[in-house]
Amino acid sequence: MDGQLIDTVAWVRIEGGRILCARPRGKDVFYIPGGKREGTETDLETLVREIEEELTVALLPETVAHVGTYEAVHAPAERLVVRMSCYTADYHGTLAASSEIEEMAWFSYADRALVPPVDQLLFDDLVDAGRLR
């Protein structure tokens with residue numbers, strides 16, 4: 001690949017057949033919560049930090065489980081590819097949008113078109129597994 005790779009981790013939180021998504025301030029697109037690693041952070045360190053920053057809850061590291069890793073072209077003109085390593089995890093605290101997040105929403109498969117291409121791949125796998133309605 002001669003383009004740029006953006007390496008991210010994401011928290012897959014499903015309740016009642018819907019997945020938690022968040023829309024960052026200043027953006028018009030919803031994403032699976034998570035983000036990019038800083039320096040030499042592991043996936044787990046990145047996931048815990050990002051979710052606390054975005055949704056004000058603490059993930060329980062001992063419950064983290066890998067769901068899958070997905071890659072998709074995000075901006076073809078810029079040859080930008082996003083890799084998203086997805087994990088489930090339990091948490092403690094109350095989910096709330098932080099100052100970084102404009103809005104949280106619970107999406108079903110019908111909302112697939114509202115998320116970026118890499119997130120859509122996760123939606124496809126979750127619906128195929130019967131976890132997303």
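The values are calculated or read from the model by the stated rules, or taken from the named source; none is laboratory data. What you see is a predicted model, and the numbers here were worked out from it, not measured in a lab. Virtual Cβ from ideal backbone geometry, glycine too; neighbours counted across all protein chains shown. Accessible surface areas use protein heavy atoms only, side chains included; no ligands, DNA or RNA. Shrake-Rupley method; radii C 1.70, N 1.55, O 1.52, S 1.80 Å.
Taking region 73-98 as the region of interest, how many residues are in contact with a helix residue (DSSP H, G or I) (Cβ under 8 Å, 6 or more places away or on another chain), part of a loop (DSSP other than H, G, I, E, B) and among the small types (Gly, Ala, Ser)?
Qualifying residue count for the region: 4.
What pairs come up if the first residue lies in region 110-133 and is more than 12 Å from Tyr31 (Cβ to Cβ), the second is polar (S, T, N, Q), and their beta carbons are under 7 Å apart, counting only those six or more places apart or on different chains?
Close Cβ pairs satisfying both conditions: Arg112/Gln120; Leu132/Ser108; Arg133/Ser108.
Of the residues that sit in region 17-37 and are open to solvent by less than 60 Å² (accessible area, probe 1.4 Å) and in a loop (DSSP other than H, G, I, E, B), which one is farthest from Tyr87 (Cα to Cα)?
Looking at the filtered set, the residue picked out is Val29.
Of these, Glu54, Glu50, Glu45, Glu41, which one is outside any strand (DSSP E or B), open to solvent by less than 40 Å² (accessible area, probe 1.4 Å) and more than 22 Å from Leu114 (Cβ to Cβ)?
Working: Glu54 fails: more than 22 Å from Leu114 (Cβ to Cβ); Glu50 fails: more than 22 Å from Leu114 (Cβ to Cβ); Glu45 fails: open to solvent by less than 40 Å² (accessible area, probe 1.4 Å).
Every option except Glu41 fails the conditions.
Quick check on Val9: is it under 18 Å from Tyr91 (Cβ atoms) and touching a residue at least 40 places away in the same chain (Cβ under 8 Å)?
Numbers: under 18 Å from Tyr91 (Cβ atoms): yes; touching a residue at least 40 places away in the same chain (Cβ under 8 Å): yes.
Yes: the conditions hold for Val9.
Would you confirm whether any residue within region 107-128 is assigned to a loop (DSSP other than H, G, I, E, B) and farther than 30 Å from Gly3 by Cα?
There is at least one residue in region 107-128 that is assigned to a loop (DSSP other than H, G, I, E, B) and farther than 30 Å from Gly3 by Cα.
Determine, yes or no, whether Ile14 is open to solvent by less than 20 Å² (accessible area, probe 1.4 Å) and β-branched (Val, Ile, Thr).
Details: open to solvent by less than 20 Å² (accessible area, probe 1.4 Å): no; β-branched (Val, Ile, Thr): yes.
No: the conditions fail for Ile14.
Check off (1) closer than 15 Å to Val12 by Cβ; (2) open to solvent by less than 60 Å² (accessible area, probe 1.4 Å); (3) assigned to a strand (DSSP E or B) for His66 and give me the number that stays unchecked.
(2)
Quick one: in region 72-90, of everything that is free of Cβ contacts under 8 Å to residues at least 60 places away in the same chain and under 27 Å from Glu15 (Cα atoms), which residue is least open to solvent (accessible area, probe 1.4 Å)?
Looking at the filtered set, the residue picked out is Ala72.
Being on the phi > 0 side of the Ramachandran plot, in contact (Cβ under 8 Å) with a residue 60 or more places away in the chain and not polar (S, T, N, Q) is true for just one of Gly3, Gly16. Which residue is that?
Every option except Gly16 fails the conditions.
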